[in-house]
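Just below is one structure, and these are the notes that go with it.
What follows is calculated from the coordinates using simple rules that are stated; it is not laboratory data. The structure displayed is predicted, hence computed values, not measured ones. Don't worry about glycine lacking a Cβ; one is built from the backbone with ideal geometry, like all the others, and counts go over all protein chains shown.
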């Protein structure tokens, strides 16, 4: 199970609120292989996003109880989320890897600290990413309303984020139309706003890696299909619980 699917779970457009969403993840004949939770907190000046995914059942045993956590912290400026820190943690029974990214938007640099913990040994490396992006993979999709016209694109659009493609962070997004839209709609088994996201990562056996997502009118992802993951085929994510708390 790869937590990359979780980075596209919800896109919201409220002034001050908290959202808690829970998802189940499954593939092929194996059924449910993991669970995920997503928390988003925001007020007029600050935000916090946390996405947690973990394997369950047989998948947990095979992956040594793998768990992945993604967190983003930053400011809200004119409605947009501006990340200051993005943290990615991958953990199993043997090893923990932590990547902490710090954004310097003025100098257009993103610094990264890599910490690896295994069998009592600790390794720490400091560096900067080979590219700068104004978003991380979580804030990118919360900020889509500033890059797209609603939930629609005019052709394919290229966006950039820390935590996406390792070379330059690029992500391709477009709105399917015609027969492609009908096909994806049947696959997602949902009515709403459908987007195709090209992940551009090596875990896919398809040419570029495709993620289909369905958004409700609040902009929250209700279902998603990650196409052609190597060894697994299609991975599906489905919303099972949604709670929204708005500040009055």
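Using packing as a proxy for protection, rank 159-165, 99-105, 178-184, 86-92 so that the peptide with the highest average count of other Cβ atoms within 10 Å comes first.
159-165, 86-92, 99-105, 178-184
Provide the gained length on full extension for the span residue 94 to residue 185, in nm with one decimal, where the gain is 0.36 nm per separating residue minus the Cα-Cα distance.
Full extension from residue 94 to residue 185 adds 28.7 nm.
How many nm is it between the label spots at residue 121 and residue 77, if each spot is 7 Å from the Cα in line with the beta carbon?
So the label points at residue 121 and residue 77 sit 4.2 nm apart.
Take residue 167 and residue 39, extend 7 Å from each Cα along the Cα→Cβ direction, and tell me the distance between the two endpoints in nm.
3.8
Given a Förster distance of 41 Å, report the FRET efficiency between residue 107 and residue 65 from their Cβ-Cβ distance, rounded to the nearest 0.05.
Working from the Cβ atoms, E equals 0.55.
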